[in-house]
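J.: Let me begin by handing over the structure; questions about it come next.
The values are calculated or read from the model by the stated rules, or taken from the named source; none is laboratory data. None of these values were measured; they are calculated from a predicted model. Methodologically, a virtual Cβ is constructed for each residue, glycine included, from the backbone with ideal geometry; neighbour enumeration extends over all protein chains shown. Remember, those area values only see protein heavy atoms, side chains included, never the ligands or the DNA or RNA. Shrake-Rupley method; radii C 1.70, N 1.55, O 1.52, S 1.80 Å.
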Amino acid sequence: MNIIIFGPPGAGKGTQAKKIKEQFNLNHISTGDLLRSAIENKSEIGLKAEGFIREGKLVPDEIIMEIITKELAEGKNFSGFLLDGFPRNINQAEMLEETLRRLNKKIDHVINLEASEETIIERICGRRICLKCGKIYHIKFSPPTVDNKCDNCGESLTHRDDDKEETIKKRLKVFQEQTVPVFDYYRKKNLLRIIDGNSSESVVFNGILEVLQ
Ligand code: AMP
């Protein structure tokens, strides 16, 4: 099963993606995670992408396609893939379709996780992540056992620069302008499944399981 998950920043996309990939043994491909680790490693792609991310802008499509094409061609030990954070605009959606056609693969479901602005701001301002293992925390809803340390690997937690309020506003605007039109693209293909992301983690996950099974 091949899935795309959409959601504005703070809709719980990353958290739900981790649960979905475990449930269905999917290759979780998050362009945001791939870019953050490229920045950490100071690779050529990381250096090119860094400024765009810091400013809350989309990274140019050519850079994204370079990382995504490689990932899509891999994943032999999985039952499919879960795309998280990609495609972010119509051009990427069209390039994805072309790439999948060449690889003889197709998308089965597109999940759109919806959340109100109130939910988004509350979740993002409290979000902390572990850059080493990718685990996501929330200072109020899912705090680590030891203050500011990852439960899995003990690494200090990070408040992403692009999770600060000014950048969030820009990211939400970019999402409205560039990513929302992609929903129509998949609605026309009869692949779009809308999920209410305002509830608790487990209620949202059950809603997702219902539409996938
Ligand atoms: P995310 O973790 O998915 O919210 O991504 C963090 C940031 O990485 C975004 O605000 C963009 O700057 C960049 N990014 C991630 N995925 C993409 C994409 N598919 N296209 C362009 N930029 C992206």
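J.: Given R₀ = 25 Å, FRET efficiency for Ser142-Glu40 by Cβ-Cβ distance, to 0.05? If you can, show how the numbers build up before the last one.
T.: Details: r = 23 Å, r/R0 = 0.93.
The formula returns an efficiency of 0.60 here.
J.: Could you tell me the center-to-center distance, by alpha carbons, between region 132-176 and region 178-213 in angstrom?
T.: Here the answer is 23 Å between Cα centres.
J.: Assuming 0.36 nm per residue, please report the length gained on full extension of the stretch Thr69 to Gln178 beyond their Cα-Cα distance.
T.: Roughly 37.1 nm would be gained on extension.
J.: Sticking with this structure for a sec: Carbon and sulfur atoms: what percent of the 1.4 Å accessible area of region 115-213 do they account for?
T.: Looking at region 115-213 in its full context, I get 48 percent from C and S.
J.: Continuing with the same structure: Sequence gap at least 6, Cα distance under 8 Å: using those rules, report the relative contact order of region 84-194 to the nearest whole percent.
T.: Computed over region 84-194, the figure is 37 percent.
J.: Of all accessible surface on region 1-92 at a 1.4 Å probe, what whole percent is carbon and sulfur?
T.: Looking at region 1-92 in its full context, I get 49 percent from C and S.
J.: On to the next question. Per 0.36 nm of contour for each residue apart, how much would the distance between Glu55 and Glu97 grow if the chain were fully extended, relative to their Cα-Cα spacing? Could you put the intermediate results ahead of the total?
T.: Details: separation 42, 0.36 × 42 = 15.12 nm, distance 2.84 nm.
Extra length available between Glu55 and Glu97 comes to 12.3 nm.
J.: Measuring with a 1.4 Å probe in the full set of protein chains, what accessible area per residue, in whole Å², belongs to region 139-198?
T.: 65 Å²
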